[in-house]
Amino acid sequence: MCTNFKHQPAKDGSVCVGRTMEFPDVLPWSLGVVSPHEPGASDAGDHAKTWTARYGVVGVGAFHPHWLADGMNTAGLSGHLLYMPNHAVYSPAEHDGSDIGILEGLAFVLGTYATVDEAKVALATCNFVDFTPKEVPVALPLHMILHDQDRCIVAEFHPDGMKVSDNPVQVATNAPYLDWHLTNVANFLSLSAENPAPVNIGGSTFAPSGQGQGFRGLPADENSPSRFLRVLANVRFAQQPADERAALMDTVRILHGFDLVPGTVMEQTPNGLMPLLTMWSTVSNLTGRQYLYNTLDDPIWYSIDLDTTDFGESRLVDFTTDGTFTSIRV
């Protein structure tokens, strides 16, 4: 389970992208820093894809700096891998220099391209194969969401091959495929930020008992079609932020509406039945070149300035977190 969205641009032009990661606690998540000064190479078999990066990347992954589930580059392009159970069919290996695993895809795309249009061209040079590193204890049926300041595309892996689609609503969750979610939006056109007007029936007036009834009918469960509609409604009806700070704050507010309480969603894993947890959430400030994160065990948000990040070498970096609330006297 994951939720991804772009908030509407602030009045000063600031653009932020938010993302949650819901997953069983089976991976040692950390920050990944990918250097543009080192050659990139896929481990997905013989004669797999290689590349020369142009941009530094900061993101979240596990085990290896190039194995990213989320990230943003110094050009202001963000990328996000979201779970797609039963909806990710990877291709057979070609052994011609195009093979790459989905977990390596963000390091390639974000390391070498600056815009959604460029990324679409880059994806066409890739043959995404079923490569799961031995360190990763779960399967990786995923799709890829890419955002620049203006647009969003989604790369999905259908039985007949990869399909890269423009995403007009610029939000994403999980299965099924994007075209199904977009069709489903038409079933919820009556949603409104305003309460319905009172109705007179038989001489009696019936009025809303409180505020918020305009969202009545919006699904509240955690299934991906419901979360797609919830996040779209949040973005659609949110007021335009005044500036960068307001855009960051509103993006964080939307994200926290998707935090899971441990135990409310359970999943069968190789380790048995485990709770899905909101392991981490991120905000990619595309215009301000900031990458922010928040983790399961720490209520604080931390911000990384890509302009001052050392991209001299690729590396993993532990999350900054002390796992405690700050105590104050009032």
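Among residues belonging to the stretch 221-256 that are part of a loop (DSSP other than H, G, I, E, B) and touching a helix residue (DSSP H, G or I) at 6+ places or on another chain (Cβ under 7 Å), point out the one that is farthest from Val15 (Cα to Cα).
Among those residues, the one meeting the criterion is Ala238.
Does any residue of the stretch 59-72 turn out to be among the charged types (D, E, K, R), at pLDDT 95 or above, closer than 19 Å to Tyr302 by Cα and part of a strand (DSSP E or B)? Can you show your working first?
Filtering the stretch 59-72 down to residues among the charged types (D, E, K, R) leaves 70.
When the remaining residues are screened for being at pLDDT 95 or above, the result is 70.
From the residues that got through so far, the ones that are closer than 19 Å to Tyr302 by Cα too are 70.
Those still in the list that are part of a strand (DSSP E or B) too: 70.
The answer is yes, given that some residue of the stretch 59-72 is among the charged types (D, E, K, R), at pLDDT 95 or above, closer than 19 Å to Tyr302 by Cα and part of a strand (DSSP E or B).
Select, from Met274, Met279, the only residue that is outside any loop (DSSP other than H, G, I, E, B), surrounded by fewer than 20 Cβ atoms within 10 Å (Cβ to Cβ) and in contact with a strand residue (DSSP E or B) (Cβ under 9 Å, 6 or more places away or on another chain). Before you say what the answer is, go through the steps one by one.
Working: Met279 fails: surrounded by fewer than 20 Cβ atoms within 10 Å (Cβ to Cβ).
None of the others qualify; the one that does is Met274.
Give Met144, Met162 a once-over and let me know the one that is at pLDDT 95 or above, within 26 Å of Asp259 (Cα to Cα), touching a helix residue (DSSP H, G or I) at 6+ places or on another chain (Cβ under 8 Å) and part of a strand (DSSP E or B).
Working: Met162 fails: within 26 Å of Asp259 (Cα to Cα).
Unique residue meeting the criteria: Met144.
Please give the number of the condition Glu194 fails out of (1) surrounded by 15 or more Cβ atoms within 10 Å (Cβ to Cβ); (2) without any contact (Cβ under 8 Å) to a residue 24 or more places away in the chain; (3) among the charged types (D, E, K, R).
(1)
Between Pro92, Pro28, which is out of contact with any Phe, Trp or Tyr (no Cβ under 8 Å at 6 or more places or on another chain) and either on the phi < 0 side of the Ramachandran plot or of a type in the set (Val, Ile, Thr) (or both)? Quick ask: steps written out before the conclusion?
On the way: Pro28 fails: out of contact with any Phe, Trp or Tyr (no Cβ under 8 Å at 6 or more places or on another chain).
Step by step, each of Pro92, Pro28 is checked, and only Pro92 is out of contact with any Phe, Trp or Tyr (no Cβ under 8 Å at 6 or more places or on another chain) and either on the phi < 0 side of the Ramachandran plot or of a type in the set (Val, Ile, Thr) (or both).
Please state which of the following conditions Ala107 fails to meet, knowing it meets all the rest: (1) without any contact (Cβ under 8 Å) to a residue 60 or more places away in the chain; (2) under 22 Å from Arg151 (Cβ atoms); (3) buried (at least 16 other Cβ atoms within 10 Å of the Cβ).
With (1) without any contact (Cβ under 8 Å) to a residue 60 or more places away in the chain; (2) under 22 Å from Arg151 (Cβ atoms); (3) buried (at least 16 other Cβ atoms within 10 Å of the Cβ) applied to Ala107, the lone miss is (1).
Return yes or no: is Ala93 small (Gly, Ala, Ser), over 22 Å from Asp46 (Cβ atoms) and free of Cβ contacts under 8 Å to residues at least 60 places away in the same chain?
Details: small (Gly, Ala, Ser): yes; over 22 Å from Asp46 (Cβ atoms): no; free of Cβ contacts under 8 Å to residues at least 60 places away in the same chain: yes.
In short, no.
The values are calculated or read from the model by the stated rules, or taken from the named source; none is laboratory data. Please read all numbers here as calculations on a predicted model, not as lab measurements. Quick reminder, even Gly has a Cβ in these numbers, built from the backbone with ideal geometry, and neighbours come from all protein chains shown.
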